[in-house]
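Enquirer: Below is the structure I would like to discuss, written out as structure tokens.
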Amino acid sequence: MTKTQSAEPLVAPDVLERVLAAGRSTGAEFSEVYVEDKRSTSAGLDDGKVEQVTSGRDRGAGIRVVSGETTGFAHTSDLSERGLLAAAQAAAMAAKQGGGGVNKVQLGDVLRHSVNTVKVAPDGVEKSRKVELLKRVDAAARAVNASIVQVSAGYGDSRRRILVANSNGVLSADEQVRTLLRVSVVATGDGGMQTGYDSLGHTIGFEMFDENDVEELAIRAAKQAVTKLSARPAPSGAMPVVIKRGSGGVLFHEACGHGLEADLVGKSASVYRGKMGELVASSLVTLVDDGTMTAEWGAIGIDDEGHPSQRNTLIQDGVLTDYMWDYLRARKEGRAQSGNGRRQSYQHLPMVRMTNTFVLNGKEDPDEIVRNTKQGVYVAKLGGGQVDTASGDFVFGMTEAYLIENGEITEPLREGNLIGNGPEVLKDIDLLGNDFAMGNPGTCGKDGQGVPVGDGQPTLRVRSLTIGGTAA
Amino acid sequence: MTVGVPDLQKLADSVVEQAKSGEQIEAYVSRGGETSVRVYEGELEHFVSAQSEGVGIRIIKDGRTGFAYAGTLEPSAIAEVLAEARDNIQFGTVDQWAGLAEPDGVQQIPQKFWDEELASYPTDKKIEITKELEKLTLAADSRVRSEQSNYEDGWGETAVSTTTGIRESGRGNSCYVSVATLADDGDEAQTGFGFSVGDSPKEFDLQKAAREAADRATRLLGATKPASKKVTIVLDPYVTSQFVSILSSALNGENLAKGRSLFADRLNEQVADARFTLVDDPTNKLAYTATDIDGEGLAARRNVLIENGVLKMFVHSSYSARRMNTKSTGNATRGGFAGGPGVGCLAMQVQPGTKTQAELIASIDDGVLIQDVAGMHSGVNTISGDFSTGASGIVITNGTLGAPIREFTIASTLQKMLLNIVDLGKDIDWLPMRAVGLSLVISDVMMSGS
């Protein structure tokens, strides 16, 4: 972590000080200015054509004012002092009706905490090179097999500069770069159409494409679709499920990640409430949320409340050791924040969110895990998921899966959801591999806001999960 | 649109006037605001008051398309967006069908989207309503706790102008309340929600929202995981609405053109049971997503998509229509200034049956009333048709409702489910979603549990 004078802050510190003071003009104890300037480029290819290149600019500030249990919030796309003061006054009025005193705020130097290194800033790269990637993906996917009938690919990059200042004296800045490539493939056969999908995303610049082969990405997606052409209906009922490394982090994201967010715990809307220090998972499981994990999709220098990102162990050897915290929930409990206060944009209020959430390595040989499973399902790729944190019931989709018969991976299965209950599934993890890998870049949705997150795990087995197939 | 917004229209016009020779330009400008009130345990948790604006510019030249947007209407930013969109043209592939919509002479059906009473509704009343909703919810059942009670309203003004002669602008506002609940029984907790929508707060039915939120949370207490078997399911109106919405993707003319519709080559064939008739009708003012124009500025219209089970048509924007050698059906969609138009159904409506939900249930020997589903985004593939979602509901035995069940999935394929529709309710519910709700009975669905 380094402390430096800001070369060119998005808003001058003396303006921030006056805006923060205006935020407390009705007597509120806390005010905060969040300034964001984001530039993005995206390009889409579909049906063999580069359909459109899009340039975007989103710039503005959100002002938060807290008075007791009440938060007032206003945002503006006008970053002039006049615009910011107007928003601060609106937020102050929203937080409290009535008069208050003048509260001076003094800000020091800008804290810059950077966890990512960008070698080639994507906004400096010719758009033609970005479009070229899409054409390579299209060609590589179509070359896999004559059954590939459609390919769509998307490229996206963004550079998001943020500045956070609050009346407690916090003044932090970060520059967050993200680069993404995704591909969807349709294959057709006698039994209809099937789809394949893969993606690549990191908090680094255009050098991502020197370090990763985009053709390989396309081929993986294409093969997934082709394989599924001969898939049989997935089974129904509960059985052992082996989840391939780097594909099942979403299981933990849903099975316990959301339930460990302090805002949900605080309202007793989590099945993990009041379980601190208790055994909540198999003793094989150590779960970490780590915003500092360089280059991973959920990596951030500071969170959206200006707090430096950090590595937090949530479950240690099966025992619940901590929840995730933002400013408000930490303040209420009189404890430190954990770097998990995040928001989609300056137009949104921050809340407790995950960053990169993953399970550490176990000891098993991943091949042995399959060999030790007589009958079950092997999931090679998971889709999204959804959880009810209060009951703990969650679902997640399997987009590439196979039968396990007599310890061997056999026939491909059609798509479906799996369903389980968080605490039960965590306790049912009976084999954990030694082959940890991070998974695909994800977007986590909560209360209408989407934020980039990462997840990961080694190959593992759940003793019993319900497969939502159609076969008896 | 019926009520114009002159200054935004002028702004859009001023962009379009800068078209150079051979360029087609579309300018989409909008601004809006929102109020969001959240109450928890009788206290105001947050109050959000916010305004935003932006511009999206699409330029087409020699069959290539470029696009750019910015979240501001400052003149210098608009000039930058225009330049960026122009710069982006060169990277597109020539597409012979690329182009903007052209006025097609179809008349708009005027509707009312602006409510003066809502526009001037006092802030303290909004907070009062939110507190009242929480209070009513807690009073509905002693086992119920509050997670949050919300009031939301928003207003928006948009204008679109094109070099092809489209000039449309309008404004609208809307509001709703919602409440999220928890019900406890020992260690077990279940969740529920309720909501009410109106042109203005005076139309809210707070009692009904509170009752639903309490019922949804409590009715699953003590629920168990069922055994796996084939069953007949009754989808609650709220679930049917989600089921019908996903059909939009298969009826999308652009997906058809690009080989992604499971209805390809099925025009005029029986794709659903004869009892099933599906209409897209944004001109019906009862629909939550009713509109007078589509995302390209063409008049919205009533389209019969599936009639007595027979596939009658796909929906089109001007682009997909040109590709398929037909005319736009007024079905361009638009998510705001940050993107160009897409294609989709706008307000889907299913022709109701003749029975109440209770009558439908009475006719089933062995089934499940599905009250909620989870993972529609992760377990349903609209291209292959594979359908699998998490579910919770109540067992139906010999025509009567029994014990609650949870943590199971229901699975089939979209193709089979449409053909296996056995009956429809008359209980039309105009939910705040893209498709109407009613009770829908589907046979031969695999329930997967223990």
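Enquirer: Roughly how large is the B-A contact in terms of buried accessible area, totalled over both chains, probe 1.4 Å, nearest 100 Å²?
Expert: Values: alone 19800 and 19310 Å², together 33400 Å².
Heavy-atom accessible area buried at this interface is about 5700 Å².
Enquirer: Estimate the FRET efficiency between B:A362 and A:E29 by the formula 1/(1 + (r/R0)^6), using the beta-carbon distance for r and 45 Å for R0, to the nearest 0.05.
Expert: Working from the Cβ atoms, E equals 0.15.
Enquirer: Can you tell me the dipole magnitude for the protein assembly as shown around its Cα centre, using point charges on the Cβ only (Lys, Arg +1; Asp, Glu -1), in Debye to the nearest 20?
Expert: Charge dipole, the protein assembly as shown, about its Cα centre: 640 debye, nearest 20.
Enquirer: Can you give the % of DSSP beta bridges in the protein assembly as shown that are antiparallel, to the nearest 5? All intermediate terms of the calculation are to be shown ahead of the outcome.
Expert: Values: 233 of 261 bridges.
If we restrict to bridges inside the protein assembly as shown, about 90 percent are antiparallel.
Enquirer: In addition: Let me know the charge dipole size of region B:6-218 about its Cα centre in debye, to the nearest 20, where only the beta-carbon of Lys, Arg (+1) and Asp, Glu (-1) is charged.
Expert: 460
Enquirer: Right, here's the next one. Express in whole angstrom the spacing between the alpha-carbon centres of region A:108-162 and region A:420-448.
Expert: Their Cα centres are 26 Å away from one another.
Enquirer: Right, something else. Going highest first, how would you order B:345-358, A:117-130 by mean Cβ packing within 10 Å?
Expert: In descending order of packing, they fall as B:345-358, A:117-130.
Enquirer: Another question, then. Ranked from highest to lowest mean number of other Cβ atoms within 10 Å per residue, what is the order of the peptides B:188-196, B:428-436?
Expert: So the peptides B:188-196, B:428-436, ranked by packing, come out B:188-196, B:428-436.
Enquirer: In whole percent, and with a 1.4 Å probe on the protein chains, what portion of the accessible area of chain A is carbon and sulfur? Please report the intermediate quantities before stating the final value.
Expert: Numbers: 7630 of 16420 Å².
On chain A, the fraction of accessible area on carbon and sulfur atoms equals 46 percent.
Enquirer: Could I ask something else about it? Roughly how many whole Å is it from the C-alpha centroid of region A:337-416 to that of region B:180-214?
Expert: 31
Enquirer: Over region B:1-103, with every protein chain in place, what whole percent of the accessible area is carbon and sulfur at 1.4 Å, could you tell me? Display every interim value, and only then the final one.
Expert: Values: 2000 of 4200 Å².
Whole-percent figure for carbon plus sulfur exposure: 48.
Enquirer: Above 47 Å lies some portion of the pair distances; for the protein assembly as shown, what is it as a whole percent of all C-alpha pairs? Numbers along the way, then the final one.
Expert: Details: 89514 of 424581 pairs.
In whole percent, the share of Cα-Cα pairs in the protein assembly as shown beyond 47 Å is 21.
Enquirer: What average number of partner chain Cβ atoms lie no more than 10 Å from the Cβ of the residues making up B:48-59? Before the final figure, lay out the partial values.
Expert: On the way: counts 13, 9, 14, 8, 8, 2, 4, 0, 2, 1, 2, 0.
Per residue, the average neighbour count from other chains is 5.
Enquirer: Now a separate question. Can you give the angle from 0 to 90° between the axis of helix B:6-16 and the longest principal axis of chain B, with both taken from C-alpha atoms, to the nearest 10?
Expert: 60
Enquirer: Based on the Cβ-Cβ distance from A:S147 to A:K363, what FRET efficiency comes out when R0 is 41 Å, to the nearest 0.05?
Expert: 0.50
Enquirer: What average count of beta carbons from other chains do you get within 10 Å of the Cβ of residues in A:227-240?
Expert: 3
Enquirer: Measuring from the lowest to the highest alpha carbon on each principal axis, how far does region B:251-366 reach, largest first, in angstroms?
Expert: Computed over region B:251-366, the largest-to-smallest principal extents equal 49, 32, 21 Å.
Enquirer: With every protein chain left in place, what is the accessible area per residue of region B:179-228 in square angstrom, probe 1.4 Å?
Expert: The answer is 40 Å² per residue.
Enquirer: In degrees between 0 and 90, to the nearest 10, how far off the longest principal axis of chain B does helix B:206-218 point, with axes built from Cα atoms?
Expert: For B:206-218 against chain B, the angle is about 60 degrees.
Enquirer: Counting only C-alpha contacts under 8 Å and six or more residues apart, can you give the relative contact order of chain B as a whole percent?
Expert: Taking the mean separation of contacting Cα pairs over the length of chain B, I get 16 percent.
Enquirer: Shifting gears a bit: Mean Kyte-Doolittle hydropathy of 0.5 or higher plus an axial Cα length of 20 Å or more: which whole DSSP H helices in chain A meet both?
Expert: Sorted by number, the helices that extend far enough and score high enough are A:81-95.
Enquirer: Additional query: In region A:332-471, if the dipole is taken from +1 on Lys/Arg beta carbons and -1 on Asp/Glu beta carbons about the Cα centre, which of A:A380, A:N434, A:Q449 is farthest to the positive end?
Expert: Working it through, the farthest residue towards the positive pole turns out to be A:Q449.
Enquirer: Ok, one more. Once phi is turned into ³J(HN,Hα) by the Karplus curve 6.51 cos²θ - 1.76 cosθ + 1.60 with θ = phi - 60°, what whole-Hz value does each residue of region A:114-119 show in order, with x for glycine and proline?
Expert: 3J(HN,Hα) across region A:114-119, in whole Hz: 10, 10, 10, 10, 9, 8.
Enquirer: How far apart, in nm, are the 7 Å Cα→Cβ label points at B:T289 and B:A83?
Expert: Label at B:T289, label at B:A83, 3.8 nm between them.
Enquirer: Also: Counting only heavy atoms of protein chains, what accessible area per residue, in Å², does chain A have with a probe of 1.4 Å?
Expert: 35
Enquirer: Right, next: Tell me which of A:Q344, A:V186, B:V395 sits at the most positive position along the dipole axis of the protein assembly as shown, charges placed on C-beta atoms (Lys, Arg +1; Asp, Glu -1).
Expert: Working it through, the farthest residue towards the positive pole turns out to be A:V186.
Enquirer: Only loop residues by DSSP count here, and only those with at most 15 other Cβ atoms within 10 Å; note down the GluC sites (Glu not before Pro) in region A:258-306 that meet that.
Expert: Taking region A:258-306 and a limit of 15 other Cβ atoms within 10 Å, the loop GluC sites (Glu not before Pro) found are A:E278.
Enquirer: As an exercise, use a Förster radius of 22 Å and the Cβ-Cβ distance of B:D205 and B:T123 to find the FRET efficiency, rounded to the nearest 0.05. Mind showing how you got there, number by number?
Expert: Details: r = 22 Å, r/R0 = 1.00.
The calculated FRET efficiency here is 0.50.
Enquirer: Sticking with this structure for a sec: Within region B:191-221, whose backbone N sits under 13 Å from a point 7 Å along Cα→Cβ of B:A139?
Expert: Within reach of a label on B:A139: B:206-208, B:210-211.
Enquirer: Still on this structure: Running Debye on chain B with equal point scatterers at the Cα sites and no solvent, what base-10 log of I(q)/I(0) appears at q = 0.07 Å⁻¹?
Expert: Each listed q corresponds, in turn, to -0.41.
Enquirer: Using the Cα gyration tensor of region A:2-228, with a ≥ b ≥ c the square roots of its eigenvalues, what is the shape: rounded (a/c below 1.5), prolate (a/b larger than b/c) or oblate (neither)?
Expert: Details: a/c = 3.44, a/b = 2.47, b/c = 1.39.
In terms of gyration-tensor shape, prolate.
Enquirer: Another question, then. Based on alpha-carbon centroids, what's the gap between region B:245-271 and region B:133-164 in Å, whole number please?
Expert: Each part reduced to its Cα centre gives a spacing of 34 Å.
Enquirer: Rounded to the nearest 10 degrees, what's the angle between the helix B:237-250 long axis and the longest principal axis of chain B, both from Cα atoms, 0 to 90?
Expert: 40
Enquirer: Can you list the equivalent-ellipsoid semi-axes of region B:223-450, largest first and in whole Å, using the square root of 5 times each Cα gyration tensor eigenvalue?
Expert: On the way: eigenvalues 204, 61, 51 Å².
Taking √(5λ) for each Cα gyration eigenvalue gives 32, 17, 16 Å.
Enquirer: Considering the options B:L8, B:G253, B:G42, tell which one lies farthest towards the positive end of the dipole of chain B, charges being +1 on Lys and Arg and -1 on Asp and Glu at the Cβ, about the Cα centre.
Expert: B:G253
Enquirer: Where both residues lie in chain B, what percent of DSSP beta bridges are antiparallel, nearest 5?
Expert: In chain B, DSSP labels about 95 percent of beta bridges as antiparallel.
Enquirer: Within 10 Å of each Cβ in peptide A:408-416, how many partner chain Cβ atoms are there on average? Round it to a whole number, please.
Expert: 3
Enquirer: What ³J(HN,Hα) values, in whole Hz, does the Karplus curve 6.51 cos²θ - 1.76 cosθ + 1.60 give for region B:153-163 when θ = phi - 60°, with x put for Gly and Pro?
Expert: Calculated HN-Hα couplings, in order: 9, x, 9, x, 10, 9, 9, 10, 10, 9, 5 Hz.
Enquirer: Then there's this: I want to check the label-to-label distance for A:S268 and A:R82. Put each point 7 Å from Cα in the C-beta direction and report it in nm to one decimal.
Expert: It works out to 5.1 nm between the two label points.
Enquirer: Given Cβ point charges of +1 (Lys, Arg) and -1 (Asp, Glu) and nothing else, what value in debye, to the nearest 20, does the dipole of region A:236-468 about its Cα centre take?
Expert: 460
The values are calculated or read from the model by the stated rules, or taken from the named source; none is laboratory data. In this text the structure is predicted, and so the values were computed from the model without any measurement. Note that each Cβ is placed from the backbone with ideal geometry, even for glycine, and that neighbours are counted across all protein chains shown. The area values use the complete protein model at the heavy-atom level, side chains included, leaving out ligands, DNA and RNA. Shrake-Rupley method; radii C 1.70, N 1.55, O 1.52, S 1.80 Å.
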